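One structure is given here, and the rest of the page talks about it.
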Amino acid sequence: MKGVGIPEIVIVLGLLIVLIAGFLPSGAPSQSKELLLLSKQAGPIGAQGFNYDHIPLASNLILSKGVDGSPLFIKNNQVEVAKGMITTQEQEIEFSIPSTTIDELSSATLSLTIVETNEYGPLKIFLNNKEIWSDLVEASESLNIPLPLEDLSESNLIKITAGSSGWKIWSPTYYILEKIQIKEKLTSGEEANFNFELTDEQLEKFDRGRIYIGNVNPIIQGELAIILNDERIIFRGIPGKASFITSFSSGAQKENTLTFKLLEDGHYDLRNLEVIIFTATNSTGGFSTEFTIPVEELSKMRAGTKEGLIEIEILETSENLLEIILSGETDTELYNNIPEKGKISLKFTGFEATKDNILTIRSSGEYNLGTINIKLVEK
């Protein structure tokens, strides 16, 4: 019998290595490209209809923040102030603040331009005999000097002087000034709070709430926020003109506070404000579930490397619209349509979601929903 040669041994060893490698774990574990956050059976939803209740808040609301008021003083022609061993030349400005607006001041400013100076000494500003500013200033420089609100009254006196030229006794310090103005900014009611209560039945059958403003008059546009119970931002943006509607699907309690707040300078005249509460007429009015996104995954979403995906099985459909709302920091309507049977997939970003979220599905028609999966996937 012929013996086994070296080539045969090499082949056998190679096959053994391949066979053993198949049973050994790989050097790098495989990583899933998706993270399942929630999987849940929804079942039948839909209501025969909705009841709604109107809760009036106010017939009129003025919101104003940082709005320029009428100039308190204007002098455009040139004036000179000086200070020396013999010479003293000052500029006095008297101005008044109406009693109706003095409590609404958010700031007051003295502005002026330096036309010419020898810079021998500082320029000095006094308000009601109290020095509030002193510094050396160069020619062509423009100044905006805040006036301390606590030192202002209905009648005021500003004195502009020059500081001594010190050892340069041969010449006084002098400044030639122009475009002297005193301007004010008013803040009156930049935030307003309204309280309203819900009954036990309204809470039990709560479907959604709606904020309605009959007329918005944006005299000066600025970013406005509407906040429910100091935690849920229902709206943040610049509302348009005429009527305004925005909704919320969660966050309601028995006792509630609704806050209207200007986040930047603006002035709004709002009319006929009310809350409308919608309640379902049966217990299957909608489906709602909470889900949490880990902080590290939320960071990836906001960096743009991951996104959210919601998959919903539609077992039985209806002729009525199906609404799907994601409630994170604000409410985002992801879907408002009539779907066919099968599966619908909806995407959401890390800016529409936050760490703790609520998914709400509702319709005035009858639907039967199967499994709902919420996951994160790589983009």
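Scanning the range 221-250 for residues that are modelled with pLDDT under 90 and on the phi > 0 side of the Ramachandran plot gives a single hit, 242. Residues that are modelled with pLDDT under 95 and aliphatic (A, V, I, L, M) were ranked within the range 163-191; the one that is surrounded by the most Cβ atoms within 10 Å (Cβ to Cβ) is 186.
Specify which of the listed residues (350, 342) is touching a Leu at 6+ places or on another chain (Cβ under 8 Å) and without any contact (Cβ under 8 Å) to a residue 60 or more places away in the chain.
Numbers: 342 fails: touching a Leu at 6+ places or on another chain (Cβ under 8 Å).
Checking each option against the conditions leaves just 350.
Screening the range 271-379 for strands (runs of 3 or more DSSP E) wholly inside it with 1 or more residues that are farther than 24 Å from residue 208 by Cα, hydrophobic (A, V, I, L, M, F, W, C) and more than 26 Å from the chain's Cα centre (by Cα) returns the ranges 306-316, 367-378. Checked against the criterion of being basic (Lys, Arg), surrounded by fewer than 15 Cβ atoms within 10 Å (Cβ to Cβ) and over 30 Å from residue 267 (Cα atoms), the range 130-147 has at least one qualifying residue. Take the residues of the range 67-101 that are among the small types (Gly, Ala, Ser) and either surrounded by fewer than 11 Cβ atoms within 10 Å (Cβ to Cβ) or closer than 14 Å to residue 147 by Cβ (or both): which is modelled with the highest pLDDT? Per the stated criteria, the residue is 96.
Exactly one residue out of 111, 59, 99, 64 is assigned to a loop (DSSP other than H, G, I, E, B) and either β-branched (Val, Ile, Thr) or in contact (Cβ under 8 Å) with a residue 12 or more places away in the chain (or both): that is 99.
When the range 102-148 is limited to residues that are within 17 Å of residue 81 (Cβ to Cβ) and among the acidic types (Asp, Glu), the one that is modelled with the lowest pLDDT turns out to be 119. Filter the range 293-307 down to the residues that are of a type in the set (D, E, K, R) and surrounded by 20 or more Cβ atoms within 10 Å (Cβ to Cβ) and list them by number. If the condition is that a residue be of a type in the set (D, E, K, R) and surrounded by 20 or more Cβ atoms within 10 Å (Cβ to Cβ), then 306 is the only one that fits.
Closer than 30 Å to residue 255 by Cα and either buried (at least 17 other Cβ atoms within 10 Å of the Cβ) or over 39 Å from the mean Cα position of the chain (by Cα) (or both): is that true of residue 152 in this structure?
Details: closer than 30 Å to residue 255 by Cα: no; either buried (at least 17 other Cβ atoms within 10 Å of the Cβ) or over 39 Å from the mean Cα position of the chain (by Cα) (or both): yes.
No: the conditions fail for residue 152.
Does residue 206 satisfy being of a type in the set (Phe, Trp, Tyr), surrounded by 17 or more Cβ atoms within 10 Å (Cβ to Cβ) and farther than 30 Å from residue 109 by Cα? Give the steps one after another, and end with the answer.
Numbers: of a type in the set (Phe, Trp, Tyr): yes; surrounded by 17 or more Cβ atoms within 10 Å (Cβ to Cβ): yes; farther than 30 Å from residue 109 by Cα: yes.
So residue 206 passes the test.
The values are calculated or read from the model by the stated rules, or taken from the named source; none is laboratory data. Quantities reported herein were computed from a predicted structural model and do not represent experimental measurements. Reconstructed Cβ throughout: ideal geometry from the backbone, glycine too, with neighbour counts over all protein chains shown.
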